[in-house]
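*Asks:* Below is one structure. I have some questions about it.
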Amino acid sequence: MLPDYSILPTLFGKMYFLVVAAVLAMVAAAPQNGDQLDHQARPYYRPLATLRNHRQDLGDGNFNYEFLTENGINVGARGTPGYRGQSNINGFYSYPLSDGSYAEVRYVADELGYRADSRLIPSHRYRFDRRLNPFRLAEAQRRLRGFRPVY
């Protein structure tokens, strides 16, 4: 008995199609920015000057640092040794928002986990703040326009 070689042309035809499809996929996935390197295609951002850079590490789990940049980013933390061998950290960071105000977050990281506190983080403490409640804001805007919802 001789093997059936009639299947070979269709098999090679399928393989040829797969090779051509793979080459086309590689060509389509090639970078489109010519001979420019990736860092040259990105916009240039100048480095920010650091106005304050205070660091202190005693090596026993006690540390303290504070950084301030020229655009208003402020970061600080103080660490003390915890009873499980970790460092307990009390810290904060703040950065300017687009409306000119500053976002400030204060946090604690210790044996109980990470806990952050800020007016930008929804919590029960700021539940009654009218500026942060979007439903009250929408209701006030409807009243100013004279629109009354039908219940």
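The values are calculated or read from the model by the stated rules, or taken from the named source; none is laboratory data. Note that the structure is a prediction, hence the values are computed from the model and not measured. Surface accessibility is based on the protein's heavy atoms, side chains included, excluding ligands, DNA and RNA. Shrake-Rupley method; radii C 1.70, N 1.55, O 1.52, S 1.80 Å.
*Asks:* Ordered by residue, what ³J(HN,Hα) values in Hz, to whole numbers, does segment 51-60 give under the Karplus form 6.51 cos²θ - 1.76 cosθ + 1.60, where θ = phi - 60° and Gly and Pro are x?
*Replies:* For segment 51-60, the Karplus-derived couplings read 7, 9, 9, 10, 9, 8, 9, 8, x, 10 Hz, x marking Gly and Pro.
*Asks:* If you don't mind, there's one more thing I want to ask. Amide H neighbours of Asn62 under 5 Å, at least 5 residues apart or on other chains, H built in the peptide plane: list them.
*Replies:* Here the answer is none, since no amide H 5 or more places off falls under 5 Å of that of Asn62.
*Asks:* Counting only heavy atoms of protein chains, what accessible area per residue, in Å², does segment 46-124 have with a probe of 1.4 Å?
*Replies:* Working: 5540 Å² over 79 residues.
Normalised by residue count, the accessible surface of segment 46-124 is 70 Å².
*Asks:* Still on this structure: In segment 41-96, what percent of the accessible surface is made up of carbon and sulfur (1.4 Å probe, ligands and nucleic acids excluded)?
*Replies:* Working: 2130 of 4130 Å².
Answer for segment 41-96 is 52 percent, counting heavy atoms of protein chains only.
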